[in-house]
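Reviewing the structure listed below.
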Amino acid sequence: MFAKGQTVIGYMEQLAPKHLAEEWDNVGLQLGSLQKEITGVLVALDVNDSIVDEAIAQHCNLIIAHHAVIFKPIKGILTDTPMGRLYEKLIKNDIAVYISHTNLDVAEGGMNDWMAEALGIEDGAPIKDIHTEQLSKLVVFVPKDHHQKVLDAILNAGAGWIGNYSHCSFNIEGYGTFMPHEGTDPYIGKQGKLERAEEIRIETIVPQGIRNKVVQAMLKAHPYEEVAYDLYSMDLKGRSLGLGRVGKLKQPVTLGEFVETVKSGLDVDSVRVVGDLNRPVRKAAVMGGSGAKYYSSAIFKGADVLVTGDIDYHTAQDAHLAGIALIDPGHNAEKIMKGKVAEFLAAKLAEHKYGTAVHASQVNTEPFHFL
């Protein structure tokens, strides 16, 4: 049995919720339809002609990519232009394209965490906070005999985190009153008779990104036909999520030694370096893509070096003057996402016994040759 398109994307958005994307970004479904069975998923960094050919060869009718195939608004699709031909090939082969970009960068367990892990950066925190999680208080009233079942459903869906403490809730015993009327099928009581039932009030914290998931899990586990529950917005904020990661290395190294870690960890043959190769590096920062403009934020967080792509000449001069080293492994270093996303989706699909195949693209979309 193949998974539906919306099911596959539902799993993807568990990893990288769309609301984490920056306002200027264009994420989500960009071409095609998800209202179909997905025979195969190809995970790619970019979408170009070679990637589409690979998707066709692998019998994939969904491409999940990091970089947009449509970024700026288009006024028309002319099939005698390179991009027009690309869109035409995708449409004719019924291949949908879904983009997960800055939301994947920001997400916990996403792009920048993968890069930080590859470089040996421990306990990485965002270089630049851009999103603070909104929290809600969920309150639900449950009959005593279903209390544990409903509580487990809520907490297992991800509610109840306060800092590094999980499964946080408050539970109060009391009595609920209600009168079932004509057309009802009450779990407790009879039509036309006022009922007084022993119930437990459950209170817990729910982050915005999983609110619907938690509510659906609660409703599914609850025995009542009409469930009494409330969701309150809270002034208390949740985790701060953001771009890049900065943290300590397991042990100090020289910049030159760290360069070799970057090359092996991010699977690149060469890098550009700003700074004295003999200087010590104790705390390092990394940002996928083009993150050079955040070098001041990295300095503020105590970083000795920032690893990021697409560093321009004048930014390199300014950063050197400010005292931070830079390592540029190229924008293509984000290719680390291909295997990681493919692994995540394959596990989710296998868990639910879907036959949809997931492939990490083997095509190298690096546009540069290094001679």
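Out of Ala350, Ala316, Ala292, Ala322, one residue alone is of a type in the set (Gly, Ala, Ser), more than 21 Å from Ile38 (Cα to Cα) and open to solvent by 50 Å² or more (accessible area, probe 1.4 Å). It is Ala322. Of the residues that make up segment 267-280, is at least one touching a Phe, Trp or Tyr at 6+ places or on another chain (Cβ under 9 Å), within 13 Å of Val307 (Cβ to Cβ) and not β-branched (Val, Ile, Thr)? Within segment 267-280 (the criterion being touching a Phe, Trp or Tyr at 6+ places or on another chain (Cβ under 9 Å), within 13 Å of Val307 (Cβ to Cβ) and not β-branched (Val, Ile, Thr)), the answer is no, since none of the residues qualifies. Scan segment 251-267 for residues that are polar (S, T, N, Q), part of a helix (DSSP H, G or I) and touching a residue at least 12 places away in the same chain (Cβ under 8 Å) and report the count. Matching residues across segment 251-267 total 1.
For segment 48-77, filtering for residues that are touching a helix residue (DSSP H, G or I) at 6+ places or on another chain (Cβ under 9 Å) and either open to solvent by less than 60 Å² (accessible area, probe 1.4 Å) or modelled with pLDDT under 95 (or both) leaves 16. Does Gly189 count as in a loop (DSSP other than H, G, I, E, B), in contact with a Pro (Cβ under 6 Å, 6 or more places away or on another chain) and either of a type in the set (D, E, K, R) or open to solvent by 20 Å² or more (accessible area, probe 1.4 Å) (or both)? So Gly189 fits the description; yes.
A search for C-beta distances below 7 Å between a residue of segment 348-363 that is under 20 Å from Ala44 (Cα atoms) and any residue that is among the basic types (Lys, Arg) and surrounded by 20 or more Cβ atoms within 10 Å (Cβ to Cβ), counting only pairs 6+ apart in sequence or on different chains, returns Ala360/Lys338; Ser361/Lys338. A Cβ distance below 7 Å, combined with a sequence gap of six or more or placement on separate chains, defines the contacts here; from segment 291-306, residues that are more than 21 Å from Val271 (Cβ to Cβ) and without any contact (Cβ under 8 Å) to a residue 12 or more places away in the chain reach no residue that is open to solvent by 40 Å² or more (accessible area, probe 1.4 Å) and assigned to a helix (DSSP H, G or I). From the list Leu135, Leu104, Leu119, Leu151, the lone residue that is modelled with pLDDT under 95, open to solvent by less than 20 Å² (accessible area, probe 1.4 Å) and within 32 Å of the chain's Cα centre (by Cα) is Leu135. Looking only at residues in segment 21-37 that are over 12 Å from Val8 (Cα atoms) and of a type in the set (D, E, K, R), the one that is surrounded by the most Cβ atoms within 10 Å (Cβ to Cβ) is Asp25.
The values are calculated or read from the model by the stated rules, or taken from the named source; none is laboratory data. Just so it is clear, the model here is predicted, and its values are computed rather than measured. Backbone-built Cβ (ideal geometry, glycine too); neighbour counts: all protein chains shown. The area values use the complete protein model at the heavy-atom level, side chains included, leaving out ligands, DNA and RNA. Shrake-Rupley method; radii C 1.70, N 1.55, O 1.52, S 1.80 Å.
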